[in-house]
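Just so it is clear, none of the values below were taken in a lab; they were calculated from the coordinates. Only a predicted model underlies this, so the values are computations on that prediction, with no experimental measurement involved. Backbone-built Cβ (ideal geometry, glycine too); neighbour counts: all protein chains shown.
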Amino acid sequence: MLKGLNEQQIEAVVESGNVLLTACPGSGKTRALTYKIAYELERLTSSKKIIIAVTFTNRAADEIKKRIRNLNADDTNLW
């Protein structure tokens, strides 16, 4: 699932808990965030738990959701 990510991105994805990503434009923040969300969705053990992702725009939220679906992750528990 982590194919195509660099070492720093992989570290951010597999880090337990919350992660703050800061980097320059075009560095892959959205990609790393998308993989992190998909990774955490796969690890959910209860249908009562959810992942919440907050973005500044609806466009960004739609893009992240689209990318998660492209990773074949179940986004049922994503809000």
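Using only Cα positions of the chain, each an equal point scatterer, no hydration layer, compute I(q)/I(0) via Debye at q = 0.13, 0.14, 0.15, 0.26 Å⁻¹ and quote the log10 values to two decimals.
Reported log10 I(q)/I(0), two decimals: -0.37, -0.43, -0.50, -1.52.
Give me the number: length gained by fully extending Ile52 to Asn70, i.e. 0.36 nm times residue separation minus the C-alpha to C-alpha distance, one decimal in nm.
That pair, Ile52 and Asn70, stretches by 4.6 nm at full extension.
Sorted by average packing, counted as other Cβ atoms within 10 angstrom per residue and highest first, what order do 2-9, 30-37, 64-71, 19-26 take? Mind dumping the intermediate values first?
Numbers: 2-9: 11.8, 30-37: 20.2, 64-71: 15.4, 19-26: 8.6.
Taking the mean over residues of other Cβ atoms within 10 Å, the ranking is 30-37, 64-71, 2-9, 19-26.
How far apart, in nanometres, would the label points at Arg43 and Glu15 be if each is projected 7 angstrom from Cα along the Cα-to-Cβ direction?
1.2
Charges on Cβ only, +1 for Lys and Arg, -1 for Asp and Glu, centred on the Cα centroid of the chain; of Thr22, Leu71, Leu33, which one is farthest towards the dipole's positive end?
Of Thr22, Leu71, Leu33, it is Leu71.
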